[in-house]
Each structure stands twice: as structure tokens, then as C-alpha cells.
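Structure first, commentary second.
What follows draws every value from the coordinates through simple rules; no lab data is involved. Worth saying up front: this structure is predicted, and the values here are computed from it rather than measured. Heads up, the Cβs are rebuilt from the backbone with ideal geometry, glycines too, and the neighbour counts pull from every protein chain shown.
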Amino acid sequence: MISVSKAGSMRSPVIVVGGLAFKFARNARGRASNLYEARLYRSVNATRRGLLCPVLWVSRNGFVQIMKAAKPLSEMISLDEYMNVVDIWDYIPGEDSCPFEPKASDWGCLEGRMVALDYSTPAWEADERTCFPVRPSGLDPPEIIPLKSRSGGASRKILITRIFLAPSDKTVVHRVLA
């Protein structure tokens, strides 16, 4: 089976051939994203690696990355599912922000488990702050929301960033704070 997606703004096309997905960088952010995902997959512990779609190979300059192919989700994951993933990721202050977002196209099913297909947010979010030093009018400022732990443990706070995308609003959980 062969499928082609041209939906990505940084990596397009993504070509799936059998059990392999080939992500082609569209621009410098795409190359940085491919390199970031490969480096992250190789460097994290087994618990975190279980949340990530495996990177099998990346070119030296990041132009192309090969991952295992997973079946993409059709709907955005729920806040509970996302917070569960964030709990498993177990953000440590001082490291890069949480590498994934809850949108459906960023998640898939591989070997019976949900995995992140796109986990490169920290590779480009610094660029975004540089590109938009003054907040465009009409955007809500980021807000910090306290969350109670479902298990009765210590509560956490999350940083919420609202990004305006035509034709609708999108809320992204950007960072889990200690």
C-alpha cells in the first residue's frame, strides 16, 4: 500500500510505503524537525520511547526521515488522553518543552498502542517566539492553569497557548510546569 500526504507545513510530502513512512522536509524548520525527532528518539528512556513512533533513519541534513508507519488517528485526542501522555512523559524542569500536541494528525496507532507521529514542537517553537516578538492583536495571551492530579498526588500547572488558525481557534498545551 502507498499513500501520500501533502498536508504538512514543514514536512511534505509524507509518503507511506508498506510499513515505512518517509517524511520529506519542505524547509529549514522541516529539516530541524526531522533531526530533532531522530535525536530525541535515540536519547530518551524506554518509557518515553514507547510514546514515540520509531525513527529508523534520518539523512545527515534532515531532508528525509524514515519512521515506522502507523495508522493516523481520525480525531484529536481528548484532554484526559493528552494529560495521561504528558504524565507518562514526565516533564523535567530545564529540558525542552513537551514535544507533542493533541491534534489527530500528530498521533497514530502502531502495534496496538497510541504513538506520537510528530514530536518536534521544541525544534521550531523558539523560532516562533523569534518570528512574533509582538503578539498579533486578537490573540489571547498564554495562561497558566492549575490541574489537580487524578491520582491524588501533587498538582501540576500547564501553560496554555491559543493559536488562531483559519477557519477556527486551536488550543495547544505547550508546556507542563512543575
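Could you put Arg29, Arg113 in order, starting from the residue whose Cβ has the fewest other Cβ atoms within 10 Å? Could you put the intermediate results ahead of the total?
Working: Arg29 17, Arg113 10.
Ordered from fewest to most neighbouring Cβ atoms within 10 Å, Arg29, Arg113 come out as Arg113, Arg29.
Using label points projected 7 Å from each Cα along Cα→Cβ, tell me how many nm separate Ser105 and Ile88, to one decimal.
Inter-label distance under the simple model: 2.3 nm.
If you place +1 on the Cβ of every Lys and Arg and -1 on the Cβ of every Asp and Glu, how big does the dipole about the Cα centre of segment 2-134 come out, in debye to the nearest 20?
Computed charge dipole of segment 2-134: roughly 760 debye.
Karplus couplings for segment 8-25 from phi (6.51 cos²θ - 1.76 cosθ + 1.60, θ = phi - 60°), rounded to Hz, Gly and Pro as x?
x, 8, 10, 10, 6, x, 10, 10, 9, 10, x, x, 10, 10, 9, 9, 9, 6
Beta carbons within 10 angstrom, averaged per residue: use that to sort the peptides 105-111, 30-36, 79-85, highest first. Present the calculation step by step, with values, prior to reporting the outcome.
Values: 105-111: 17.4, 30-36: 22.7, 79-85: 15.3.
Highest-to-lowest ranking by the protection proxy: 30-36, 105-111, 79-85.
What FRET efficiency comes out for the pair Glu95/Lys71, r = Cβ-Cβ distance, R0 = 25 Å, nearest 0.05?
Once rounded, the FRET efficiency stands at 0.25.
Which of the peptides 116-122, 96-102, 6-12 is most tightly packed, and how do the rest follow, going by the mean number of other Cβ atoms within 10 Å of each residue?
Values: 116-122: 22.6, 96-102: 20.0, 6-12: 15.4.
Per-residue Cβ counts within 10 Å, averaged per peptide and sorted highest first, yield 116-122, 96-102, 6-12.
Between Arg42 and Met114, what is the label-point separation in nm under the 7 Å Cα-to-beta-carbon projection?
Each label point lies 7 Å from its Cα, and together they span 3.0 nm.
Given a Förster distance of 35 Å, report the FRET efficiency between Lys6 and Asn61 from their Cβ-Cβ distance, rounded to the nearest 0.05. Could the numbers behind the result be given before it?
Numbers: r = 21 Å, r/R0 = 0.61.
About 0.95, to the nearest 0.05.
Calculate one ³J(HN,Hα) per residue across segment 92-99 by plugging θ = phi - 60° into the Karplus curve 6.51 cos²θ - 1.76 cosθ + 1.60, and present them in order as whole Hz with x for glycine and proline.
Rounded to whole hertz, the list is 10, x, x, 8, 4, 5, 3, x.
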